[in-house]
Amino acid sequence: MTVDGDGTVGGGDHQPPVTTAAATTEMPIPRLSLLPNNEHISDNYEDLELEFTSAILRSIEKYLPMDKLTANREEKAKFMSDILCKYISRGECSKAKRYKNYRERIISNYQPRFRELYKLDPESFLLPTFRKAISENTEESFRRIISEPFPGVFVFEMFQPDFFEKLLAEVENFRTWAHETKLKITRPNKMSKFGVVLDDFGLDIMLTQLMEDFIFPICKVFFPKVCGAMFDSPRGFFIENGEDRDAELGFHVEDSEITLNVCLSKQGEGGEIFFAGTRCKKHMDIDPKPEERFDYCHILGQAILHRGCHVHGARAATTSGRRANMILWCRNSLFREMQTYEKEFRDWCGQCVHEKKEKESQSLAAKRKVKKKKRHEFAKVYIRCLV
Ligand SMILES: [Zn+2]
């Protein structure tokens, strides 16, 4: 089983930071003060070639020990960078830096084809029925436009056809620009050769607003446990599958709490999405039970909403078939943090629930056996007394 944790530069592969050997042997360990010096005005580091951004350094500068507060910028930057490197490897730093440069190069040079796509305009992007249901904001209003063909899989239409056409053309425009300027596009995952990360060329602002104002209210009703007060750090992708495009991903889970998957275009037959139970990390490789299997034929214009931990994949389309989808990962850092404390049992994992039921029925059977034995012994004593 794979975890589609994008693996992109600066992406969300969320491995714990690795402390370098060099960092662990450095002595003495530099330390920050526990209390900030709120009177201190931080320096600006924008013009220096550093591992960490000026914003990060500025935010911790007021925690510098007194003897460092008055040092020159270079010395302060080195001191703070050495501390930060204890928590994040130099490899991670340079990866983040490369990603920052990549995004800056795009944002300052790429000319969008449809500027109106970059700011969410609900009236022109979204269907009136969808907007109405969200503005009423009740389970009843959502159920009017959303079907649940299988527990935990929600299907609905939300976008105007014009939105799909513009998004497809915008992605093509970006690819052409990247080709002409010899920019190597960072792909959504290691296997992808055709996908693009929508955030990278500026669509993140629009997608964040879409997530907060329109997807979150639905999730709050249908997936209340994972929502918290609001999702954070969304990621948006465009993927294309077909014979002359990327192959379909097999069984996988995603680095998201909730995934929105919208079918933007579809030619040919096949390419059904198959679901195979929700799984926690511990049970990711446990085969689905027959009752957990569900196939869904994703049709043009439809959005599917499901948990990121809902194991799924897509069947290959027919020879001439091709599909383009917009994927939006909605994430919740607080939920993830809380999960690290919940070691034993997760009520959203099909296998955890199955194992809990097994344990309960085994313990019930054991109790019944003890009771039966006691009854039997009592009967024997009673009969003996009668004789
Ligand atoms: Zn589990």
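The values are calculated or read from the model by the stated rules, or taken from the named source; none is laboratory data. Given the structure is predicted, the values throughout are model-derived calculations rather than measurements. Cβ: placed from backbone, ideal geometry, glycine included. Neighbour counts: every protein chain shown.
Of the residues that make up the stretch 346-360, is at least one within 16 Å of the ligand (Cβ to nearest atom), in a helix (DSSP H, G or I) and of a type in the set (G, A, S)?
Yes; the residues of the stretch 346-360 include at least one that is within 16 Å of the ligand (Cβ to nearest atom), in a helix (DSSP H, G or I) and of a type in the set (G, A, S).
Take the residues in the stretch 286-333 that are in a loop (DSSP other than H, G, I, E, B) and within 16 Å of the ligand (Cβ to nearest atom); name whichever of them is farthest from F274 (Cα to Cα).
I286
Name the pairs whose Cβ atoms lie under 9 Å apart, with the first residue in the stretch 201-219 and on the phi > 0 side of the Ramachandran plot, the second outside any helix (DSSP H, G or I), and 6 or more positions between them or separate chains?
Close Cβ pairs (under 9 Å, with a partner that is outside any helix (DSSP H, G or I)) amount to G202/Y110; G202/P112.
Pick from F164, F142, F130, F156: which is outside any helix (DSSP H, G or I) and assigned by TED's automatic domain parsing to the domain that holds F216?
F156
Conditions (1) within 18 Å of C219 (Cα to Cα); (2) aromatic (F, W, Y), marked per residue:
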| position | (1), (2) |
| --- | --- |
| K132 | yes, no |
| E136 | yes, no |
| R143 | yes, no |
| I146 | yes, no |
| F150 | yes, yes |
| V153 | yes, no |
| F164 | no, yes |
| T176 | no, no |
| E180 | no, no |
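Exactly one condition in (1) surrounded by fewer than 10 Cβ atoms within 10 Å (Cβ to Cβ); (2) away from the ligand (no atom under 13 Å from the Cβ) is false for R336; which is it?
Unmet condition: (1).
In the stretch 185-241, what count of residues is obtained for those that are farther than 26 Å from R322 by Cα and among the charged types (D, E, K, R)?
5
Output the number of residues of the stretch 252-282 satisfying the condition of being within 16 Å of the ligand (Cβ to nearest atom) and either among the aliphatic types (A, V, I, L, M) or modelled with pLDDT under 90 (or both).
Total meeting the criteria: 5.
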